[in-house]
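The values are calculated or read from the model by the stated rules, or taken from the named source; none is laboratory data. As the structure is a computational prediction, the values presented were derived from the model and not from experiment. Don't worry about glycine lacking a Cβ; one is built from the backbone with ideal geometry, like all the others, and counts go over all protein chains shown. With ligands, DNA and RNA removed, areas are computed over all heavy atoms of the protein, side chains included. Shrake-Rupley method; radii C 1.70, N 1.55, O 1.52, S 1.80 Å.
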Amino acid sequence: MKKGRIIFAAGVLALLLCSCLFEQPSTGISLEDLDALSREYLEPAAASGIAALNWNHLDELAPEYLLEYYAYQELAQPGAVPEAEVEVYLQQRFALSVQELRRAQWYSAAQGAYLLDRPDSLPNCRVVAARQEGDCLLLDYEYYSPTGSAVVTRRGRLELRQQGEDFLFCSCSTSIVPWVLFQQQGRQSSLTFRLGQVSPSYDLLLFSGPEGQQVFIRLEAGSDGSFQLVPRVCTPAMQAGFRVDGRDDGEHLRLLAAHTPDVLLPGATLPKIRTMVAQSESSTAAPVVAECRLTVEVPTPRGPAQADCLLTFSLWEDGTARICWDW
């Protein structure tokens, strides 16, 4: 009887030990502390870009991505970092060879160093679930739109495998979450969407409201990475829009041109229009913005009246676009 109790107690102790192993990674971070897991694993992966790509093996990633990982974690200012310092650090998180890493265009054999600059932006992202299966740590994460933390733009899972006292990145599976968000408050309305999810077509209807409001969009993409986006807002009284020509050169999105098309009133002559188009350039930290202000003379039962209209198009680095109109 006494022997049976000892065996039972030993079994309970083993179960408790296994439970502890699965509740907390060997790094000492609890699986319930999602913020700490985000800072430790997701943020550098997102800043380097590897959390926005599907990959199962390191050889599917350009070595520059791994150098971006190092730069985000360790680099204080641009410069040449000794090769040994970079390689030893990255081999603590990635099962890579020195030869693979030195294929990077940022490697200088003459200096025996990597010429690096720190990434200047971090996507709005967070680990939303975590679990450990054997020696694997699985982190489910979400990216959020810069226009609102409640809008999920990407979901994915990072898989890490335990080696020693830490984990190595093994793979990533991720996909964009399609969405279109319409908001209205008084005279102000907005439509937020993902530019890359809009099919290249003419007059694609994005939104149709209960009072006759409609938002159309025309998108033309060039093989050189340029695009033309023509948002057009229609209400029962008028139509207005503008064209945005843009290009992603790998560093920032730039607004090249904008214009205002004719404003039309159904069943009426073309009204008098005054327009002003403002355009700006933007770094990755802020959106590219095109703004169109219109003063339109509209017919009313009491005679002509002026209506002031504002149409704004904003584009963020992650491809999130917003069309706002107020009239």
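Looking for something in a loop (DSSP other than H, G, I, E, B) and open to solvent by less than 80 Å² (accessible area, probe 1.4 Å) - is there at least one such residue anywhere in segment 167-177?
Yes - at least one qualifying residue is present in segment 167-177.
Could you say which residue among Glu64, Glu43 is open to solvent by 40 Å² or more (accessible area, probe 1.4 Å), touching a residue at least 12 places away in the same chain (Cβ under 8 Å) and part of a helix (DSSP H, G or I)? Give the steps one after another, and end with the answer.
On the way: Glu64 fails: open to solvent by 40 Å² or more (accessible area, probe 1.4 Å).
From the options Glu64, Glu43, the qualifying one is Glu43.
Kindly indicate whether any position in segment 81-98 is among the hydroxyl-bearing types (Ser, Thr, Tyr) and under 24 Å from Leu137 (Cβ atoms). Step through it out loud before you land on a result.
Of the residues in segment 81-98, the ones among the hydroxyl-bearing types (Ser, Thr, Tyr) are 89, 97.
This time we only want the ones that are under 24 Å from Leu137 (Cβ atoms), so: 89, 97.
Among the residues of segment 81-98, at least one is among the hydroxyl-bearing types (Ser, Thr, Tyr) and under 24 Å from Leu137 (Cβ atoms), which makes the answer yes.
Could you check Leu90 against (1) within 21 Å of Trp316 (Cβ to Cβ); (2) touching a helix residue (DSSP H, G or I) at 6+ places or on another chain (Cβ under 9 Å); (3) without any contact (Cβ under 8 Å) to a residue 40 or more places away in the chain and say which number it fails?
Failed condition: (1).
For segment 186-196, what are the residues that are surrounded by 14 or more Cβ atoms within 10 Å (Cβ to Cβ) and either at pLDDT below 80 or not aliphatic (A, V, I, L, M) (or both)?
Result: Ser189, Ser190, Thr192, Phe193, Arg194, Leu195, Gly196.
Please specify each residue of segment 290-327 satisfying the condition of being hydrophobic (A, V, I, L, M, F, W, C), open to solvent by 20 Å² or more (accessible area, probe 1.4 Å), modelled with pLDDT of 75 or more and not in a loop (DSSP other than H, G, I, E, B).
Passing the criteria: Leu310, Cys324.
May I ask you to verify whether Leu158 is in contact (Cβ under 8 Å) with a residue 12 or more places away in the chain, open to solvent by less than 40 Å² (accessible area, probe 1.4 Å) and either in a strand (DSSP E or B) or out of contact with any Leu (no Cβ under 7 Å at 6 or more places or on another chain) (or both)?
For Leu158, the condition - in contact (Cβ under 8 Å) with a residue 12 or more places away in the chain, open to solvent by less than 40 Å² (accessible area, probe 1.4 Å) and either in a strand (DSSP E or B) or out of contact with any Leu (no Cβ under 7 Å at 6 or more places or on another chain) (or both) - is met.
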